[in-house]
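Chemist: Take this structure, written in structure tokens, and hold onto it; I'll ask about it next.
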Amino acid sequence: MTEPGLLIRRVDRTFEDVIDNLLELYCHDMAEWFLFDANEKGLYTYAPEKVWNDDVDVYLASIDRIPIGFALVGSGKPYTDDAGAKDLDEFFVVRRHRRRGIGQTFAANVWDRYPAQWVVRVFQGNRPAVPFWRTAVAAYTSGAGREDVRTVNTRTWSYFIFDSRSRNTS
């Protein structure tokens, strides 16, 4: 799907305020699934050093200059035997723009930028996210991706593993 005005770009720390604001919304959503609270100021925080370091690439999605989402891309090495693998570490689209295909378009755009094996880790307690990622990965890979279920620190996760190098874009 092509959304008029959709711009997806890699950003640097000059976009820190925008990414921080989107991370606040993301953490608010994730609090429901991971059962954590806001701080004493009523804010959810995400450690900036997890975002702004040499091992993470930050992407911003906007529609007509209005930020609507972000993606953090890191190394997939901790989750697979492939040293060059990529991990879609965090991914978020604001609620108003969900269920319209924008998330799938955004994810595919990011995956296309890195010809590599990919890992997308999804906490199974986040019930809306699991079917979204099943659909997004299946559509991107024409069904060639796989889903592994793993337990990490007593939480059950789906690990979607696929290779963007084998994507047929014709």
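Chemist: Which value in deg cm²/dmol, rounded to the nearest 500, describes the helix-derived mean residue ellipticity at 222 nm for the chain, given -39,500 (n - 2.57) per DSSP H run of n ≥ 4 and division by the residue count?
Modeler: Mean residue ellipticity, 222 nm, calculated: -8500 deg cm²/dmol.
Chemist: List the lysines whose alpha-carbon lies under 18 Å from that of LYS50, not counting same-chain residues fewer than 8 positions away?
Modeler: LYS77, LYS86
Chemist: Put +1 on the Cβ of every Lys and Arg and -1 on every Asp and Glu Cβ in the chain; which of VAL152, HIS28, THR141 then has its Cα farthest towards the positive end of the dipole?
Modeler: Comparing the listed Cα positions along the dipole, THR141 ranks first.
Chemist: Of the options ILE63, SER166, ASN53, report the single residue whose Cα projects farthest towards the positive end of the charge dipole of the chain (beta-carbon charges: Lys, Arg +1; Asp, Glu -1).
Modeler: Positive-end residue among those listed: SER166.
Chemist: Please arrange TRP118, TRP133 by counting, for each residue, the other beta carbons lying within 10 Å of its beta carbon, fewest first.
Modeler: Fewest to most other Cβ atoms nearby, the residues stand as TRP133, TRP118.
Chemist: Net charge near TYR79: determine it from the other residues with C-beta under 15 Å of the C-beta of TYR79, scoring Lys and Arg +1 and Asp and Glu -1.
Modeler: -3
Chemist: Which net charge results for the neighbourhood of PHE92, defined as the other residues with beta-carbon distances under 12 angstrom from its beta-carbon, given Lys and Arg at +1 and Asp and Glu at -1?
Modeler: The answer is -2.
Since every read-out is calculated from the coordinates, none of them should be taken as a lab result. None of these values were measured; they are calculated from a predicted model. Positions of Cβ are generated from backbone atoms using ideal geometry, with glycine treated the same way; all protein chains shown enter the neighbour counts.
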